[in-house]
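Working notes, structure below.
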Amino acid sequence: MTPRVLVDADACPVKEEIYKVAWRHELPVTLVSNQHLRIPPHLLLDKVVVGSGFDAADDWIAEASGPATVVVTADILLADRCIKAGATVISPSGKPFTANSIGAAVATRAIMADLRAGATAPGIGGPAPFSKADRSRFLQALDEALVRLKRLRG
């Protein structure tokens, strides 16, 4: 099966970077969202607009994931589902989610959600703002993941 990229696209800050890397590798990209997205007209780009149901995009991505798939998402619970399906998963900041790291990420997510829900002290917020270093790290991580998949499948 040809490697492909699945993107949790609604809030993805690196769509343009994904297009460039996928075009260079001549691999298909599917952007999955709850709402209509404009994407460049290109044979390798496809979009899937799922219903507005809770986790509809996550469900579609998880079901379409497999060993020949690179998934781009910041959603830790979706990353966990995709890893279990055999996919390679990368966050938009370039951080890889792996079978070895996902358990700790899920636990940290739960702890932070609890802290934010009960926070009375300032300073407990969401993730740090997206930076140029994150974008650069993402480009490198995506390129490496696609090269590795192509080698394994080639």
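Only the coordinates and a few stated rules stand behind these numbers; no lab work does. Model, not experiment: these values are computed from the prediction. Backbone-built Cβ (ideal geometry, glycine too); neighbour counts: all protein chains shown.
Screening Ile39 with (1) within 20 Å of Arg137 (Cα to Cα); (2) in contact with a Leu (Cβ under 7 Å, 6 or more places away or on another chain); (3) among the β-branched types (Val, Ile, Thr) gives one miss only, at (1). Kindly provide the set of residues from region 40-54 that are of a type outside the set (S, T, N, Q), touching a residue at least 12 places away in the same chain (Cβ under 8 Å) and in a loop (DSSP other than H, G, I, E, B), ordered by number. Answer for region 40-54, where residues must be of a type outside the set (S, T, N, Q), touching a residue at least 12 places away in the same chain (Cβ under 8 Å) and in a loop (DSSP other than H, G, I, E, B): Pro40, His42, Leu44, Val50, Gly51.
When region 66-83 is examined, which residues are found to be outside any helix (DSSP H, G or I) and over 19 Å from Ala11 (Cα atoms)? Across region 66-83, the qualifying residues are Gly66, Pro67, Ala68, Thr69. Scanning region 132-154 for residues that are of a type in the set (A, V, I, L, M) and either touching a residue at least 12 places away in the same chain (Cβ under 8 Å) or surrounded by 15 or more Cβ atoms within 10 Å (Cβ to Cβ) (or both) yields Leu139, Ala141, Leu142, Ala145, Leu146, Val147, Leu149. Hey, does region 18-25 have a residue that's touching a residue at least 24 places away in the same chain (Cβ under 8 Å), among the aromatic types (Phe, Trp, Tyr), closer than 23 Å to Ile83 by Cβ and outside any loop (DSSP other than H, G, I, E, B)? Looking for residues that are touching a residue at least 24 places away in the same chain (Cβ under 8 Å), among the aromatic types (Phe, Trp, Tyr), closer than 23 Å to Ile83 by Cβ and outside any loop (DSSP other than H, G, I, E, B), one finds none in region 18-25, hence no.
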